[in-house]
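These notes are about the structure you will find just below.
The values are calculated or read from the model by the stated rules, or taken from the named source; none is laboratory data. Keep in mind it's a predicted model, so treat the numbers as computed, not measured. In this analysis, Cβ positions are derived from the backbone assuming ideal geometry, glycine residues included, and neighbour counts consider all displayed protein chains. Surface areas here come from the heavy atoms of the whole protein model, side chains and all, with no ligands, DNA or RNA. Shrake-Rupley method; radii C 1.70, N 1.55, O 1.52, S 1.80 Å.
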Amino acid sequence: MKQKIYFAPLEGVTDSIFRNTFEKYYGGVDKYFTPFLSPNSTYKFTTREFNQIDPEKNNIETTVPQLLTNDAEHFLWAASEIAALGYREINFNLGCPSGTVVAKKKGSGLLFYTEMLDNMLYKVFEGLESACSKKGCTAPNISIKTRLGKLEPDEFYEILDIYNKYPISELTIHPRIQKDFYREHLKPEFFDYAITHSNAPLVFNGDIVTVSDINNTFAKYPSIDAIMIGRGLLANPGLVLAYKKGLEETPLDLKIFKSFHDDLLIQYTDLLSGEKPVLHRMKEFIAYWERNFPNDTKTIKKIRKANSIPEYKSNISVLFN
């Protein structure tokens with residue numbers, strides 16, 4: 001039996017339209033994590049946020065809402081609202097390295113303030129069942145996606161000690177610190193440490209882009225049941241299917257990929273107002289997809305510079321043909 005593959009959230013990219021369309025043309029993913037929702041003192045989800053968790057637009061069996069906050073009260077409100085919709089797991093984002101997020105002591109920024117982190121987790125796990133019972137629903141599992149720390153990887157030892165105090169359902173570790181962003185090399189020795197010291201089941205995340213990477217990760221860590229892939233799966237949508245079918249590295253199936261792309265373009269054209277937002281969204285995808293077309297750099301540049309949807313379509317057709 002093949003181990004599980006999770007699709008990591010990418011802010012502004014893996015929204016409900018993308019996730020549903022990906023499942024339609026590719027699938028094979030065991031869990032999809034939403035881009036983070038940011039509960040605050042308004043105690044309301046924005047329309048955009050609710051679309052990420054609306055049961056009519058998401059499969060609650062495979063979708064895991066993710067929360068980004070440093071306030072336990074805001075977390076508990078959001079968790080109870082989400083649980084009332086039928087979701088059974090909520091993921092706490094302690095990994096986002098964005099400067100604007102970190103400056104607010106959120107995401108991987110909260111990792112630097114260990115007393116604050118510990119206090120928040122205590123309040124969340126202490127108050128979760130009560131908050132959900134008031135909504136007439138069952139308390140969901142709480143999983144965490146984390147980095148090693150903010151400034152130094154050795155911060156992870158104390159951070160893991162804090163995590164071990166609480167009944168975390170799964171701990172996904174991206175073995176970089178915040179200031180590494182995605183540029184520096186992974187520090188797998190800290191995941192090795194977690195293997196022998198974590199109380200929670202572990203999920204590995206980071207720089208998995210090929211079937212060989214998947215196989216090698218599971219071979220290196222036979223005790224883990226799942227890995228999480230973000231940018232690698234976005235760039236190569238057929239990656240999970242190839243792995244689960246026992247295939248080796250396979251080229252992009254251009255016919256399926258074209259249908260996938262065209263479906264996304266139609267949906268975003270219908271949803272977004274004006275050409276610029278549509279072009280912006282599609283060009284975000286192109287930034288990941290262009291690695292599949294190493295011999296078409298001139299066409300890729302024309303796609304990036306397209307100022308209208310007809311111009312974009314014209315150049316995309318050249319790329320696909």
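Write out the trypsin sites (Lys or Arg not before Pro) in segment 1-90 meeting two conditions: DSSP loop, and at most 16 other Cβ atoms within 10 Å of their Cβ.
Numbers: sites: LYS2, LYS4, ARG19, LYS24, LYS31, LYS44, ARG48, LYS57, ARG88; in loops: LYS2, LYS44, LYS57, ARG88.
Here the sparse-neighbourhood loop sites are LYS2, LYS44, LYS57, ARG88.
Summed over the residues of segment 1-82 and divided among them, the accessible surface reaches 42 Å² per residue at a probe radius of 1.4 Å.
Of the solvent-accessible surface of segment 1-77, computed with a 1.4 Å probe and all protein chains present, 50% belongs to carbon and sulfur. In the chain, the DSSP-assigned H stretches of four residues or longer account for a calculated mean residue ellipticity at 222 nm of -14000 deg cm²/dmol, using -39500 (n - 2.57) per stretch and the full residue count as denominator.
Highest mobility in the GNM of the chain, judged by mean-square fluctuation with C-alpha springs under 10 Å and restricted to GLU23, GLU184, GLU11, is found for GLU184.
How about segment 105-204: which chymotrypsin sites (Phe, Trp or Tyr not before Pro) there lie in a loop by DSSP and see at most 16 other Cβ atoms within 10 Å? Spell out each step's value before the answer.
Values: sites: PHE112, TYR113, TYR122, PHE125, PHE156, TYR157, TYR163, PHE181, TYR182, PHE190, PHE191, TYR193, PHE204; in loops: TYR113, PHE181, TYR182.
Listed in order of number, the matching sites are TYR113, PHE181, TYR182.
Computed over neighbours whose Cβ is under 13 Å from that of GLU158, the net charge equals -4, Lys and Arg +1, Asp and Glu -1.
Applying the Karplus relation 6.51 cos²θ - 1.76 cosθ + 1.60 with θ = phi - 60° to segment 209-215 yields 3J(HN,Hα) values of 10, 9, 4, 4, 4, 4, 4 Hz, where x marks Gly and Pro.
Global size of the chain: 19.9, 58 Å for Rg and Dmax (C-alpha atoms, Rg to one decimal, Dmax whole).
Cβ-Cβ distance of THR100 and PHE320, R₀ of 30 Å, FRET efficiency by 1/(1 + (r/R0)^6): the value works out to about 0.25.
Highest mobility in the GNM of the chain, judged by mean-square fluctuation with C-alpha springs under 10 Å and restricted to ILE303, ILE144, ILE82, is found for ILE303.
Along segment 239-247 the Karplus relation, 6.51 cos²θ - 1.76 cosθ + 1.60 evaluated at θ = phi - 60°, assigns HN-Hα couplings of 4, 5, 4, 4, 5, 6, 8, x, 8 Hz to successive residues, with x for each Gly and Pro. The loop-placed trypsin sites (Lys or Arg not before Pro) in segment 211-299, going by DSSP, that have at most 13 neighbouring Cβ atoms within 10 Å of their Cβ come out as LYS245.
Remark: the ASP263-SER38 segment gains 78.1 nm on full extension, using 0.36 nm per residue and subtracting the alpha carbon distance. Using a Gaussian network model of the chain in which every pair of alpha carbons under 10 angstrom is joined by a spring, one finds that among SER273, SER98, SER259 the greatest mean-square fluctuation is at SER273. 3J(HN,Hα) along segment 13-18: 10, 8, 6, 5, 4, 4 Hz, from the Karplus curve 6.51 cos²θ - 1.76 cosθ + 1.60 with θ = phi - 60°, whole Hz, x for Gly and Pro.
Could you calculate the FRET efficiency of ILE60 with GLU311 from 1/(1 + (r/R0)^6), where r is the beta carbon distance between them and R0 is 30 Å, rounded to 0.05? Could the numbers behind the result be given before it?
Working: r = 39 Å, r/R0 = 1.31.
The pair ILE60/GLU311 has a calculated efficiency of 0.15.
Counting only protein heavy atoms and a 1.4 Å probe, tell me what percentage of segment 158-247's accessible area is made up of carbon and sulfur. Answer for segment 158-247: carbon and sulfur cover 51 percent of the accessible area.
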